[in-house]
Amino acid sequence: MATVKLQRVAKRWGSVVGLEDLSLDIADQEFLVLLGPSGCGKTTTMRIIAGLEDPTAGDIFIDDERVNDKPARDRDLAMVFQNYGLYPHMTVADNIGYPLKVRHVPRPDREARVLEAARRVELADLLRRRPAELSGGQRQRVALARVIVRKPRLFLMDEPLSNLDAKLRTTMRAQLKHLQRELAITTIYVTHDQIEAMTLADRIVILSKGRIQQQGSPEDIYAKPINTFVAGFIGSPPMNLIPGEIADGAFRHSAGRIAGPFATSGAVLLGQRPEHVALVAPADGHLNGTVFSSELLGDTRLVTVEAGSDLIGVKTDPRETHAMGRQVGVRFDAEHLHLFDARTGVRIT
Ligand SMILES: Nc1ncnc2c1ncn2[C@@H]1O[C@H](COP(=O)(O)OP(=O)(O)OP(=O)(O)O)[C@@H](O)[C@H]1O
Ligand SMILES: [Mg+2]
């Protein structure tokens, strides 16, 4: 059992700001994902929780105990590092079993648990190798196995799947989610991959430049992004954000209009996900344009329409083909429209 609380945590190195006033509550057994682009402060947050980095300001609590002054080794958590952190002179088996060895787990028990952890990450055949004899993806899985071999009160995982190929990544993702539920261990997981965040998380926290942009369930964040940063970061392909103006209740754009009625006025970004936009005959469209490109994604087709100077993504039936340059109409679904302030990027409710 473990809860984690960060209270107004900040981290600076001279004039470099890593984190700014971060407060966060993580529930027992929760799978929390920190999501954000490179340099937004994900690893810094993890290192502060782990005790590898001192915050410049703020407090860290694990199970309601303030741990600011508690050394990393006494915090009873296991961390997968972004750069693996394996012992080069040890075999895969010894690397995985190391946390058990330092805790004096008897050899037979240790060997059984190492084998079980290695099987979970598909490494059972490589136990005698050393890290230098492994690929990047294999090293990453050793690091993962070393964490799951023991049962700490908290898992911290920093991009643990980033070096795996697409197929293995999908399998490992499912394995991890299953394992986290099975072991019921509170997990904080870092990624810059929004699909990974959506699939794994009970709750996602989106960071940008050391600040929390939004937190919530994957469903909530997907359905109601709080600003254009989040709107553009979650979803693949991302939400369409079309600049225009609201006047007399209608959305106006050089390629057409949406009657609305919209309650606001002024410059906005109109947001709609590609799955909610429809391709229609030119006469039936809110906006008119031409087919810019048509890409088969497998179960859907992504058609990009050039309307005025904007490109609009539309998910369509994969069996429909669309010749480039053809005149089309684009129709928005009023139920799933988002409006953002053009200047601040903030959602208009
Ligand atoms: N020891 C340090 N000294 C100075 N600046 C640092 C130090 N460590 C991190 N930073 C800076 O703090 C910011 C946050 O870094 P952090 O490693 O937390 O990013 P991240 O979100 O993990 O990014 P990535 O996805 O690239 O791993 C970055 O701007 C980084 O350059
Ligand atoms: Mg990082």
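The numbers here are math on the coordinates, done by the rules we state, and not lab data. Just so you know, these numbers come straight off a predicted model, no measurement behind them. Cβ: placed from backbone, ideal geometry, glycine included. Neighbour counts: every protein chain shown.
Here are a few things to note about the model shown:
- Each helix, a run of at least 4 DSSP H residues, gives -39500 (n - 2.57); summed and divided by the residues of the chain, these come to -7000 deg cm²/dmol at 222 nm.
- Applying 1/(1 + (r/R0)^6) with R0 = 30 Å to the Cβ-Cβ distance of residue 125 and residue 104 gives a FRET efficiency near 0.60.
- For the range 1-93, a/c is not less than 1.5, where a ≥ b ≥ c are the root eigenvalues of the C-alpha gyration tensor, and a/b does not top b/c. That puts it in the oblate class.
- Cut-off 13 Å (backbone N to label point 7 Å along Cα→Cβ of residue 202), residues of the range 1-28: 1-4, 25-28
- Paramagnetic label zone (point 7 Å from Cα along Cα-to-C-beta, residue 162; backbone N under 14 Å) in the range 30-55: 34-47
- Once the C-beta distance of residue 295 and residue 333 is scaled by a Förster radius of 22 Å, the resulting FRET efficiency is 0.55 to the nearest 0.05.
- Lys/Arg +1, Asp/Glu -1 at C-beta; the chain dipole; positive extreme among 286, 344, 162: 162
- Between the alpha-carbon centres of the range 1-41 and the range 224-242 there is a gap of 22 Å.
- Overall dimensions of the range 237-341 by Cα: Rg and Dmax, Å: 13.2, 42
- Antiparallel bridge percentage (DSSP; both residues within the chain; nearest 5): 75
- Measuring spread by the Cα atoms of the range 50-178 yields a radius of gyration and Dmax of 15.4, 46 Å.
- Test item: Cα-centred dipole of the chain, Lys/Arg +1 and Asp/Glu -1 on Cβ, debye: 1160
- Dimensionless Rg/Rh of the range 167-238 - Kirkwood Rh, Rg from C-alpha atoms: 0.98
- Burial order of peptide ranges 5-16, 148-159, 247-258, 88-99 (average beta-carbon count within 10 Å, highest first): 148-159, 88-99, 247-258, 5-16
- Principal-axis tilt of helix 107-120 within the chain, Cα atoms, nearest 10 degrees: 20
- According to the Cα-based calculation, Rg over Rh for the range 70-127 is 0.98, with Rh computed by the Kirkwood formula.
- Dimensions of the range 198-292 along the principal axes, based on C-alpha atoms and rounded to the nearest Å, stand at 43, 28, 21, largest first.
- Legend: Rg and Dmax of the chain, from Cα coordinates, 24.1, 77 Å.
- Cα-based shape type of the range 137-204, given that a ≥ b ≥ c are square roots of the gyration tensor eigenvalues and the cut on a/c is 1.5: oblate
- Virtual spin-label span in nm between residue 280 and residue 346, 7 Å along Cα→Cβ: 3.4
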